[in-house]
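Below is one structure; the comments refer to it alone.
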Amino acid sequence: MLDRRTEIGHMRTWRLVLGVVLVLGVSGCSRGSTDGQVERSASASAVPSDAPKLVGCNAGPSVPFTTMTVKSPGTGVDLAVGVAGEGPVGVVIANTLVGYHCDWLVWADHLAKNGFRVAVFEYGFMPRTVGIPAMLDHGSGEMIAVAEELRKLGAEKIVYAGGSLGGSVALATAVDPAARAAGVISLSGGLDGQQETVERLTVPAIYVVAEDDYTGGAVNLAKDLHKATVGSSLAVYPGAQHAGEMFHDERYADELLAKLDAFLRAV
């Protein structure tokens with residue numbers, strides 16, 4: 001499910017949305033994350049001059065993001081993080097295997113405009129090289145570290161979210177008591193064998209997937225995870241979009257955004 005076609009799909013999607021104005025405070029920066037972050041000495045802090053930079057995006061939100069660095073508990077590097085919005089509910093979004101925070105800026109923009117706090121970030125490791133256990137462990141620790149910064153900014157509840165690999169990481173994070181999760185959102189996410197993980201979820205969960213997801217197998221996996229997660233919700237939409245690409249499908253994007261808003265307001 002997590003292969004090179006995801007990266008191709010992301011490139012295709014962003015070519016379609018080049019007209020959206022980017023007012024992200026990190027625009028024009030160098031390439032980002034999954035190719036590795038530069039290790040620096042600063043601890044978590046807002047907009048230090050030597051902060052590692054988020055990758056510049058061709059299109060994205062119409063609200064300004066604040067950049068900060070957060071120390072990765074797994075690798076020790078400084079993570080590049082962008083935060084926006086206000087409100088008691090915060091959403092931390094994890095990236096796909098080959099994607100960047102750019103993939104989530106349309107959703108992040110929507111969240112910031114609709115009363116939620118949101119954080120996007122870049123992994124401090126290369127997912128394709130560390131193996132699944134390390135991906136889940138490092139990614140989970142990084143999501144929790146980013147969530148703590150949202151709490152300092154005023155978030156009272158944190159929902160962990162992500163797509164593809166990021167959905168898998170979000171699920172692994174939400175079962176960790178240290179995460180203090182209020183909910184979890186998985187878009188085209190999950191891994192074979194995570195049924196045992198999600199059986200331990202004690203917070204609201206929602207699985208979202210396209211019925212013909214082009215990576216193959218995603219819809220069946222989402223259904224299996226939904227079945228294994230007590231009280232969870234499942235939303236299956238038409239088409240072949242994967243992860244963050246689903247927010248660009250005109251047939252259901254507005255409905256999907258509304259559904260996720262309702263989920264977040266109910267946690």
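Listed values, structure above:
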quantity	calculated
Karplus 3J(HN,Hα) series, Hz, for the stretch 101-107 with 6.51 cos²θ - 1.76 cosθ + 1.60 (x for Gly, Pro)	4, 4, 5, 10, 5, 5, 5
Residue 251 - accessible surface, heavy atoms, 1.4 Å probe, Å² rounded to 10	150 Å²
Three-way shape label, the stretch 53-169, alpha-carbon gyration tensor, a/c 1.5	prolate
Under-5 Å amide H pairs with residue 182, H placed in peptide plane, nonlocal only	158, 159, 160
Surface accessible to a 1.4 Å probe, residue 254 within the full protein complex, Å²	120 Å²
Cut-off 14 Å between beta-carbons: net charge of the residues surrounding residue 112, Lys and Arg +1, Asp and Glu -1	-1
Computed Kirkwood radius, in angstrom, where 1/r is averaged over Cα pairs of the stretch 113-160	12.0 Å
Sequence-distant aspartates and glutamates (8 or more away, or on other chains) whose Cα lies within less than 20 Å of residue 157	86, 109, 142, 148, 149, 176, 261
Residue 189 long-range amide H proximity, modeled H, under 5 Å	164, 208
Accessible-area value, residue 130, 1.4 Å probe, nucleic acids and ligands omitted, Å²	60 Å²
Radius 12 Å from Cβ of residue 235, net charge of other residues (Lys, Arg +1; Asp, Glu -1)	0
Convex hull per residue volume in Å³, alpha carbons only, for the stretch 214-256	71 Å³
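The values are calculated or read from the model by the stated rules, or taken from the named source; none is laboratory data. Remember, it's a predicted structure, so these values are computed and weren't measured experimentally. Quick reminder, even Gly has a Cβ in these numbers, built from the backbone with ideal geometry, and neighbours come from all protein chains shown. Areas reflect the complete protein model, heavy atoms only, side chains present, ligands, DNA and RNA absent. Shrake-Rupley method; radii C 1.70, N 1.55, O 1.52, S 1.80 Å.
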